[in-house]
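Taking it in order: structure first as structure tokens, then the write-up.
A short reminder: the numbers here are calculations on the coordinates, not readings from a lab. Quantities reported herein were computed from a predicted structural model and do not represent experimental measurements. When we count neighbours, we look across all protein chains shown, and the Cβ atoms used for this are built from the backbone with ideal geometry, even at glycine.
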Amino acid sequence: MTFSPVPAKNSAVAHVLVVDDEPLIRWSLAEVLGQSGHIVTETGDAKETLRVVTRVTNRPDVILLDYRLPDSNDLGLFAAIKRELPEVPVILMTAYGSPEITTGALALGAYRVVNKPFEVQDLVALVQQACASVRRA
């Protein structure tokens, strides 16, 4: 797990958990989110992700979750995260997008489902929208 605290540049700073088994994707998202003033925690598998979401302190405000990980290739991890943190927006990223995956994720409460490849800046904007939606609620 990588944790990269970044000083807040604005009041919209969020703690973002980036979950992906591809180190380059994690790195690029963490870099751009960090430059936007967010605090980023990175994990690369389901086991480590569950440790982060079940801890008592420093829980994420938004989660970017890859659908397929070495130890998770269905919506089971997504469902476990939503049980533990029902109020936290989860953006599901997938290279294996299908109507069934999208429908299932949205039914479980996904904020959005994003197909890979994607523009990193688009995900940064989506994280900011997700944060704003929680603040309004």
Rg in Å to one decimal, and Dmax rounded to a whole Å, for the range 48-120 via C-alpha atoms: 11.8, 36
Of Gly44, Thr54, Leu65, which is farthest along the charge dipole of the range 12-77 in the positive direction, counting Lys and Arg as +1 and Asp and Glu as -1 at C-beta? Thr54
The range 49-137: GluC sites (Glu not before Pro) falling in loop per DSSP and having at most 13 other Cβ within 10 Å: Glu87, Glu119
At R0 = 25 Å the Cβ-Cβ FRET efficiency linking Asp71 and Arg136, nearest 0.05, sits at 0.10
The range 24-137, dipole about Cα centre (Lys/Arg Cβ +1, Asp/Glu Cβ -1), debye to the nearest 20: 320
Taking Cα pairs closer than 8 Å and at least 6 residues apart, the relative contact order of the range 49-94 in percent is 50
What residue among Tyr96, Tyr67, Tyr111 has the largest mean-square fluctuation in a Gaussian network model of the chain, using Cα springs under 10 Å? Tyr96
Please work out the FRET efficiency for the pair Ala80 and Ser28, using the Cβ-Cβ distance as r and a Förster radius of 25 Å; give the result to the nearest 0.05. 0.45
So if I take the centroid of the Cα atoms in the range 113-137 and the same for the range 69-85, what is the distance between those two points in Å? 19
³J(HN,Hα) across the range 102-114 via Karplus (A = 6.51, B = -1.76, C = 1.60, θ = phi - 60°), whole Hz, x for Gly/Pro? 4, 4, x, 5, 5, 5, 7, x, 4, 5, 7, 10, 10
With 0.36 nm assigned to each residue of separation and the Cα-Cα distance removed, Asp122 to Gln35 gains 29.9 nm
Using amide H atoms built in the peptide plane, which far-off residues or other-chain residues are under 5 Å from Met93 H to H? Leu65, Asp66, Tyr67, Val114
Name the residue farthest towards the positive end of the dipole of the range 9-129 from the options Leu123, Met93, Ala110, assuming +1 on Cβ of Lys and Arg, -1 on Cβ of Asp and Glu, about the Cα centre. Ala110
In the chain, if every C-alpha pair distance is counted and binned at 5 Å from zero, what percent goes to each bin? 2, 11, 23, 25, 23, 12, 3, 1
